[in-house]
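Remarks on the structure that follows.
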Amino acid sequence: MLFSLFYSMQVNKNDLIIYMKISVWVEAARLRTLPASLIPVLVGSSLAWSHGLFHLPATITALLCAILIQIATNFANDYFDYRHGADTADRVGFARASSSGEIPPKTMLSAALTTFFMAFLLGLYLVYHAGWPILAIGLLSIASGILYTGGPLPLAYNGLGDLFVFLFFGLAAVMGTYYVNALQWSPDALWAAIAIGSLSTMILVANNYRDVHTDRRANKRTLVVLLGEQFGRWQFLLLAVVAFAVPPHFYFRESYELVILLPMILLIPAFFLILRFWKEDRKENFNTILIRTAQFMTAFGVLFSLGIVLSN
């Protein structure tokens with residue numbers, strides 16, 4: 001009986017260790033940032049649906065590739081920010097696995113490269129289905145995910161992170177998703193991509209605004225570091241304005257039904273989010289603002305997609 005009790009305690013201890021390890025990996029994947037990969041696919045496929053060109057296998061594959069590239073990029077950022085000394089003990093953001101020692105840096109790098117490779121393998125179906133343009137988009141997305149914080153000229157360390165997010169989590173993601181469904185390009189997808197790219201960039205701006213002091217010490221030259229916190233506040237506001245300008249364009253210029261204006265019900269929540277961004281002085285409170293911004297993007301994307309589908 002004593003042996004049985006001892007064995008059960010050992011199993012429970014091992015289970016706890018496994019659970020804790022899994023939780024560390026889940027945190028390293030930064031699931032709170034996944035709207036930046038999920039919403040573009042939702043909007044792009046909704047447009048394809050409204051145009052009668054929806055292709056379910058391509059949409060599912062595009063969604064899986066987007067998630068894998070997002071997670072792989074987060075793993076790579078965790079590793080390279082550690083190497084650059086950007087994730088120090090005094091950072092106010094969420095804990096990073098490499099810098100905290102919870103995951104060995106080499107293991108994190110291996111996880112990033114493996115996840116990128118998984119995205120590449122899945123993407124081969126999209127290349128087979130939709131052709132070489134998707135291969136170019138996929139390879140550029142993977143390369144940029146690595147070069148965002150890695151390589152000799154890291155994008156995020158040289159003021160190019162915002163452009164990267166707008167291009168790849170906006171234009172490439174939405175238009176690429178539409179293309180793998182419809183096998184053609186669409187001006188509507190471009191306009192939708194501008195809205196989604198702006199929302200994705202808002203998440204990055206909240207992140208960079210929170211980390212401005214530690215980024216400056218680590219010589220991580222984000223736009224907020226280069227141009228100042230006042231610029232970051234205006235950037236956050238203007239990106240929201242651009243996103244909200246797109247549904248009216250669909251209604252007045254592209255002849256979509258009134259339901260396309262569904263995202264406009266978020267104007268009041270967006271006002272209070274922007275007001276808090278402008279008024280908040282404590283950088284540690286920007287963890288909550290970052291989460292709220294991701295939630296705002298999710299709500300906007302879901303309502304926009306619903307409006308697109310119902311307009312049909």
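The values are calculated or read from the model by the stated rules, or taken from the named source; none is laboratory data. All values reported here derive from a predicted model rather than from experimental measurement. FYI the Cβ positions are ideal-geometry reconstructions off the backbone, even for glycines, and counts take in every protein chain you see.
Would you check if there is a residue in region 189-202 being crowded, with 18+ Cβ neighbours inside 10 Å and over 20 Å from G170 (Cβ atoms)?
Checking region 189-202: not a single residue is crowded, with 18+ Cβ neighbours inside 10 Å and over 20 Å from G170 (Cβ atoms).
Can you name the residue in region 228-276 that is surrounded by fewer than 16 Cβ atoms within 10 Å (Cβ to Cβ), free of Cβ contacts under 8 Å to residues at least 60 places away in the same chain and not in a helix (DSSP H, G or I) and is also nearest to the chain's Cα centre (by Cα) among such residues?
Here the residue is G228.
Go through (1) surrounded by 22 or more Cβ atoms within 10 Å (Cβ to Cβ); (2) closer than 30 Å to F250 by Cα; (3) not basic (K, R) one by one and return the number of the condition T222 breaks.
Failing condition for T222: (2).
For region 228-236, check the following and say yes or no: at least one residue is touching a Leu at 6+ places or on another chain (Cβ under 9 Å) and among the polar types (S, T, N, Q).
yes
Does T288 satisfy the criteria of being hydroxyl-bearing (S, T, Y), closer than 26 Å to Y157 by Cα and surrounded by 20 or more Cβ atoms within 10 Å (Cβ to Cβ)?
So T288 fails the test.
Can F236 be described as aromatic (F, W, Y), out of contact with any strand residue (DSSP E or B) (no Cβ under 7 Å at 6 or more places or on another chain) and closer than 15 Å to F286 by Cα?
Yes.
Every residue in region 219-270 that is more than 16 Å from T293 (Cβ to Cβ) and of a type in the set (K, R), please.
Hits for region 219-270 are K220, R221, R253.
Which pairs do you get when a residue that is closer than 15 Å to N207 by Cβ and in contact (Cβ under 8 Å) with a residue 12 or more places away in the chain, found in region 29-49, comes within reach of a residue that is among the acidic types (D, E) and crowded, with 23+ Cβ neighbours inside 10 Å, reach meaning Cβ atoms under 9 angstrom, with the pair 6+ apart or on two chains?
The qualifying pairs are R30/D78.
Filtering region 153-180 down to residues that are more than 19 Å from F304 (Cα to Cα) and among the aliphatic types (A, V, I, L, M), which residue is surrounded by the fewest Cβ atoms within 10 Å (Cβ to Cβ)?
So, considering only residues that are more than 19 Å from F304 (Cα to Cα) and among the aliphatic types (A, V, I, L, M), the one surrounded by the fewest Cβ atoms within 10 Å (Cβ to Cβ) is L153.
Give me a count of the residues in region 84-121 that are surrounded by 15 or more Cβ atoms within 10 Å (Cβ to Cβ), at pLDDT 75 or above and not in a helix (DSSP H, G or I).
Residues in region 84-121 being surrounded by 15 or more Cβ atoms within 10 Å (Cβ to Cβ), at pLDDT 75 or above and not in a helix (DSSP H, G or I): 2 in total.
Considering only residues of region 32-59 that are of a type in the set (G, A, S) and under 15 Å from the mean Cα position of the chain (by Cα), which is surrounded by the fewest Cβ atoms within 10 Å (Cβ to Cβ)?
Only one residue fits best here, namely S37.
Which residues, taken from region 122-152, are surrounded by 13 or more Cβ atoms within 10 Å (Cβ to Cβ) and of a type in the set (S, T, Y)?
Passing the criteria: Y125, S141, S144, Y148, T149.
Restricting attention to region 60-78, and to residues there that are among the hydrophobic types (A, V, I, L, M, F, W, C) and under 25 Å from S186 (Cα atoms), which single residue is surrounded by the most Cβ atoms within 10 Å (Cβ to Cβ)?
A62
Please give the number of the condition T298 fails out of (1) surrounded by 17 or more Cβ atoms within 10 Å (Cβ to Cβ); (2) farther than 14 Å from I203 by Cα; (3) touching a residue at least 40 places away in the same chain (Cβ under 8 Å).
Single failed check for T298: (2).
Please work out which one of (1) more than 15 Å from G161 (Cα to Cα); (2) at pLDDT below 95; (3) buried (at least 20 other Cβ atoms within 10 Å of the Cβ) is the condition H213 fails and give its number.
(3)
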